[in-house]
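*Asks:* Let me give you the structure first, and then I'll get to my questions.
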Amino acid sequence: MKFLTTGEKVRKLREQLNIKQEDLISERVTRGLISMIETGRRDITFATGVSLAEKFNEKAEELNIIMNIDEVYLMRSPAEDAEIYCLNKLKNDDITESTIKEIFELIHQYDLLFVQAKTCFKIGEINEEKKNFDDACINYDKAIKIYRTMGKIEELGQVYLRMGISKGKDLQHDTAIVYFNSSQYYSFIYDDKKVQQSSLYNLANAYKKTNKIKLALETIEKYLEISDETDHFYYFGFNTKAICHELNGDYDRAIDTYKDLLTKISDNETPVLGYVYNNLGLNYCHKDEFKESLKYFEMAEKFKGQFNKSNLSHSLIEKSNVFLKQNLYSDAIKTIDLGLNYALEYNDIEYLIKGYYTLEDIYDKLNNLVNLESVYMKLIELLKIKKDKNNLKSIYDKIALMYSKQGKSIPCEKYLILSNDLN
């Protein structure tokens, strides 16, 4: 991709419109000046740019050509045009590897540091979408370093936000909290309300997932104070608030929060409805009101089956609690297995692990050692992927104990050694 100098732009436009240099002469623009501009011996001033743009647009109008030339375009350098070209390309959600390669070539040709930072950020987003969270954060970190070098600190809030979100998706919630706090800091300094809202919302959820419920409630209240229905996460903010009440064991307050939220929602396709129905099911289950619980879980399944299949595994696996509390193990297993199928289809590692842990508890109670062994193997595989050494060690110990009770000394010793190696 070649970008023109000011002189090349003037000459090319003149040739396209069949204009002679004399036709561009005005009170402030001489033929000699035009010649020097076209040969690169003189820069173009704002006044000259305005005059030339008017001449070009007048001629284009006579020829029924829409050009919309302005002085800004004429005055831009090739590097500035290259930057605009690259930034526009980066806005494309379906950007290809070949386009990214082209952008990097232009970055090196024109020393486009800002574009380089934006490109690293874009690559981070692409990797995050592909669930390559380590690679995503490596590229986000590259963007941060470039922005710091440039002194563009105002960009850091958004990048730290995405780093936190990536770590959260990778179940590294403590690390996510650090990044969300950094995002919050920069977004408040530079009054970036959108990032302020998102960082507070995500920070509250990270606190919730690390069982820091008081901090989660304080943070979600801050979020709700600066947000309204126009914000994407507003309804989800109430959902988070209700979950915190649930985690505190205040199920009635959680139910009241959900039902209050339902009165605020007018769109029957709003994504948060799936979560509200699901969590009403959970809270009624906590209260042993199983009929009401199943009603809301079935509403959640119906909604998610139509609008949010990637999250359907959550409702199915959590619905199993209704059956477990009534010792209906066969129904629970069927529900969990169906949930695991959806979790596997959408690569939902968190709920794959959650589902298998629930099955572990069931098969242990039923003394079904064949299925229990199979579940342990699945959990080992998943926990290795997550690099979760603490829980992996616990599973090694459990499976070793299981083999020991069966008198299987060789596999028992194998898993004891594996457990010991994690110390």
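*Asks:* Checking Leu13 against (1) exposed (fewer than 15 other Cβ atoms within 10 Å of the Cβ); (2) within 22 Å of Ile84 (Cα to Cα), which test does it fail?
*Replies:* For Leu13, the failing item is (1).
*Asks:* Quick check: is even one residue across segment 285-292 among the basic types (Lys, Arg) and either outside the structural domain of Ile255 (by TED's automatic domain parsing) or not in a loop (DSSP other than H, G, I, E, B) (or both)?
*Replies:* Yes, segment 285-292 has at least one match.
*Asks:* Any idea which residue in segment 232-252 is farthest from Lys194 (Cα to Cα), counting only those that are in contact with a helix residue (DSSP H, G or I) (Cβ under 7 Å, 6 or more places away or on another chain) and not in a helix (DSSP H, G or I)?
*Replies:* Among residues in segment 232-252 that are in contact with a helix residue (DSSP H, G or I) (Cβ under 7 Å, 6 or more places away or on another chain) and not in a helix (DSSP H, G or I), the one farthest from Lys194 (Cα to Cα) is Asn248.
*Asks:* Only one residue in Glu229, Glu221, Glu269 is part of a helix (DSSP H, G or I) and more than 19 Å from the chain's Cα centre (by Cα). Which one?
*Replies:* Glu221
*Asks:* Next question. Looking for whichever is over 32 Å from the mean Cα position of the chain (by Cα), outside the structural domain of Tyr258 (by TED's automatic domain parsing), part of a helix (DSSP H, G or I) and among the charged types (D, E, K, R) here; the options are Asp337, Asp361. Which one fits?
*Replies:* Numbers: Asp337 fails: over 32 Å from the mean Cα position of the chain (by Cα).
Criteria check complete, one pass: Asp361.
Matching residues to (1) surrounded by 15 or more Cβ atoms within 10 Å (Cβ to Cβ); (2) within 16 Å of the chain's Cα centre (by Cα); (3) on the phi < 0 side of the Ramachandran plot; (4) modelled with pLDDT of 95 or more:
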| residue | (1), (2), (3), (4) |
| --- | --- |
| Ala176 | yes, yes, yes, yes |
| Ile189 | no, no, yes, no |
| Asp192 | yes, no, yes, no |
| Phe236 | yes, yes, yes, no |
| Asn239 | yes, no, yes, no |
| Ile243 | yes, no, yes, no |
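*Asks:* Looking at Ile220, Ile255, Ile226, Ile317 in this structure, which one is touching a residue at least 12 places away in the same chain (Cβ under 8 Å), of a type in the set (Val, Ile, Thr) and within 28 Å of Tyr356 (Cβ to Cβ)?
*Replies:* Within the list Ile220, Ile255, Ile226, Ile317, the selection yields Ile317.
*Asks:* Same structure again: Provide a single number: the residues in segment 269-290 that are touching a Phe, Trp or Tyr at 6+ places or on another chain (Cβ under 9 Å) and either of a type in the set (S, T, N, Q) or farther than 20 Å from Lys304 by Cα (or both).
*Replies:* So the answer is 7.
The values are calculated or read from the model by the stated rules, or taken from the named source; none is laboratory data. Just so we're clear, the structure is a prediction, and the values are computed from it rather than from any experiment. For neighbour counting, all protein chains shown are included, and Cβ atoms are generated from backbone atoms with ideal geometry for every residue, glycine included.
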